[in-house]
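Shown next, in structure tokens, is the structure this report addresses.
The values are calculated or read from the model by the stated rules, or taken from the named source; none is laboratory data. All values reported here derive from a predicted model rather than from experimental measurement. Cβ: placed from backbone, ideal geometry, glycine included. Neighbour counts: every protein chain shown.
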Amino acid sequence: MTYPKRVAVIGVSHWHSTYDAAYVELLRAMNVDVVGISDENEEIVRNRAERFKIKPFQDYKEMVDRTKPDFIVALGRHVDMPEIFRHLAEAGIPFLMEKPWGVDDTTVRELAELASRRNLWVCVPYFTRYTQWAELARSMVQSGELGAISHIVFRMIRPTMKRYVAWDSPWMLSKDQAGGGALLNLGSHGFDICRFITGEEPSVLSAVLSNVVHNSEVEDYAHVTLRTPKGIIFHNEVGYTLPTWPKNSTDSEQKLAAENAIVREVAGGVHILGPDRDEMVPAPLGYVGGCRRVLVECFERLAAGKPPPITAHDCARAVTLTHDAYRLAHYRGVRSDDA
């Protein structure tokens, strides 16, 4: 495989630079030359530079001009993402930008339209597409073997939002800087998975939000119900309420219930249950998923002259559904029982 020779990372005060996705470590493990990292916070960017032995910049525009990367991983505060996106569009460099690309859905749709008009090569890393369950469920839906699909469950409950403070991203607790809480950060993965598996464009039926655990500006729990044009119900449940911190755990459930079978994620693989069928499908040997798979797919497609694996339109649709849910719940950044 041909990887980009020179990659730069923008906005390393975003936790995904070194935690969870850990893009800098991922890139280095893939033997990619990370030619520069940037962040407005001098202390943070110097810390990352010393840790990974990479040249630091406070100004991402200067970094792009001086290092001339072949590919960029763009992170940063959500409120700053639209400006970064537009600059990279002008620079004409292929890039991956973490969701949500902004703090409102109108702006994100405008960015997606910009990407379409200029035929930009930009990917959004909705990494939950790259799980064995999601890929198998999608394949079985497309083949028609499951019959009518009743409902899909997607639950992702993560530890306290205080982890963002520990991970140098305190702005995630600010409505103005982050745009929202658990629903925008975690729930957009669920909205994307609904579209990915069903191949349909769902609409929001109901939405409930809460911040009773952390009493923050942004929600720490959300439950949203979607329905597709064919009548599939999708339950999207997310939160920052798992009481395991500092252990970085996840309370998750991924399940598809259909006429002919239930397909659920279990430890070590996928369980398929139906009439005369009780099958455990183990994860394929050497299966690559998550954010590493996103990068691999990006690099393979770039080398082959193909479009991004997950597009600007995909980002705009997921973010629009997120804000549709906020609007339905009358979200004002306060307790849900006061909204």
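Overview of values
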| item | result |
| --- | --- |
| Residue match in region 158-178 (condition: of a type in the set (Val, Ile, Thr) and farther than 24 Å from residue 231 by Cβ) | yes |
| Residue among 92, 76 that alone is buried (at least 21 other Cβ atoms within 10 Å of the Cβ), of a type outside the set (Val, Ile, Thr) and modelled with pLDDT of 95 or more | 76 |
| Number of the condition not met by residue 279 [criteria: (1) at pLDDT 95 or above; (2) assigned to a loop (DSSP other than H, G, I, E, B); (3) surrounded by fewer than 18 Cβ atoms within 10 Å (Cβ to Cβ)] | (2) |
| Residue list for region 257-276, filter: crowded, with 17+ Cβ neighbours inside 10 Å and without any contact (Cβ under 8 Å) to a residue 24 or more places away in the chain | 271, 272 |
| Tally of residues being outside any helix (DSSP H, G or I), closer than 25 Å to residue 54 by Cα and out of contact with any Asp or Glu (no Cβ under 7 Å at 6 or more places or on another chain) across region 75-116 | 10 |
| Residues being of a type in the set (Asp, Glu) and more than 21 Å from the chain's Cα centre (by Cα) - total across region 241-281 | 4 |
| Neighbours by Cβ (under 8 Å, 6+ apart or cross-chain): first from region 182-202, in a helix (DSSP H, G or I); second crowded, with 21+ Cβ neighbours inside 10 Å and modelled with pLDDT under 95 | 182/161 |
| Residue within region 142-152 that is modelled with pLDDT of 95 or more, under 30 Å from residue 47 (Cα atoms), crowded, with 22+ Cβ neighbours inside 10 Å and within 20 Å of the chain's Cα centre (by Cα) present | no |
| Pairs with Cβ under 6 Å, 6+ apart, first in region 302-314 and closer than 17 Å to residue 113 by Cβ, second charged (D, E, K, R) and not in a loop (DSSP other than H, G, I, E, B) | none |
| Count - residues of region 117-141 that are surrounded by 18 or more Cβ atoms within 10 Å (Cβ to Cβ) and either in a strand (DSSP E or B) or among the small types (Gly, Ala, Ser) (or both) | 4 |
| Conditions (1) more than 23 Å from residue 190 (Cβ to Cβ); (2) in the same structural domain as residue 280 (by TED's automatic domain parsing); (3) not in a loop (DSSP other than H, G, I, E, B); number of the one not met by residue 151 | (1) |
| Residue check, residue 326 at pLDDT 95 or above, aromatic (Phe, Trp, Tyr) and either surrounded by fewer than 17 Cβ atoms within 10 Å (Cβ to Cβ) or not in a strand (DSSP E or B) (or both) | yes |
